[in-house]
Amino acid sequence: MGNLLLHIRLQYHVFLLIQVFTTLPLVVIFLNYKSDFPDIEYFFFGLIFLLKIIFFREKEYRAKLGRTVSSSLSKELNRTPSKNEIVQRINTYVNGRDMVLGLSLLILFIVTLIMA
């Protein structure tokens, strides 16, 4: 459970952005325009998958994180982090982002079940 909270803490901004751009519009459409847009939920499911494929590329993300994780770990640990600690933290960021995408899909699914 502590590891799950660490993933969410490190990726809360991504989670909030995904919720604002997917779940919130889906709820608005369900409340106001459900008959005008049948099966609109599939669009938002596809949007999250496209985000994963297009914007959340793991290789570029790891390279970008490599520069910043070392300094943030140094501040957190009050010492120079080992290579293993840096790699573990980068893996935590990457896994956290994937978990956030999965959680967003689950929330969309639940909203679809409730609102449809």
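Here are the numbers for the structure shown:
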read-out: For the chain, size of Cβ-based charge dipole, Lys and Arg +1, Asp and Glu -1, in debye; value: 700 debye
read-out: Percent RCO, i.e. relative contact order, over the chain, from Cα pairs under 8 Å lying at least 6 residues apart; value: 49 percent
read-out: Choice from 90, 29, 48 showing the highest fluctuation, given a GNM over the chain with Cα pairs closer than 10 Å; value: 29
read-out: P(r) tail fraction, the range 1-56 - alpha-carbon pairs more than 15 Å apart, %; value: 59 percent
read-out: Pairs of Cα atoms farther than 22 Å apart, the chain, %; value: 43 percent
read-out: Most positive-pole-ward Cα, 82, 16, 3, against dipole of the chain from beta carbon charges; value: 82
read-out: Net charge of neighbours whose Cβ lies under 15 Å from the Cβ of residue 79, counting Lys and Arg as +1 and Asp and Glu as -1; value: +1
read-out: Accessible area in square angstrom per residue, the chain, 1.4 angstrom probe; value: 66 Å²
read-out: Kyte-Doolittle mean at least -0.5, axial Cα span of 24 Å or more - DSSP H helices of the chain; value: 83-115
read-out: Portion, in percent, of the accessible area of the range 23-100 that falls on carbon or sulfur, probe 1.4 Å; value: 60 percent
read-out: Dipole magnitude of the range 69-116 about its Cα centre (Cβ charges: Lys, Arg +1; Asp, Glu -1), debye to nearest 20; value: 200 debye
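The values are calculated or read from the model by the stated rules, or taken from the named source; none is laboratory data. Note that the structure is predicted; figures quoted are calculated from it, not measured. Cβ coordinates were reconstructed from backbone atoms using ideal geometry, including for glycine residues, and neighbour counts include every protein chain displayed. What goes into the accessible areas is simple: the full protein's heavy atoms, side chains included, and nothing from ligands, DNA or RNA. Shrake-Rupley method; radii C 1.70, N 1.55, O 1.52, S 1.80 Å.
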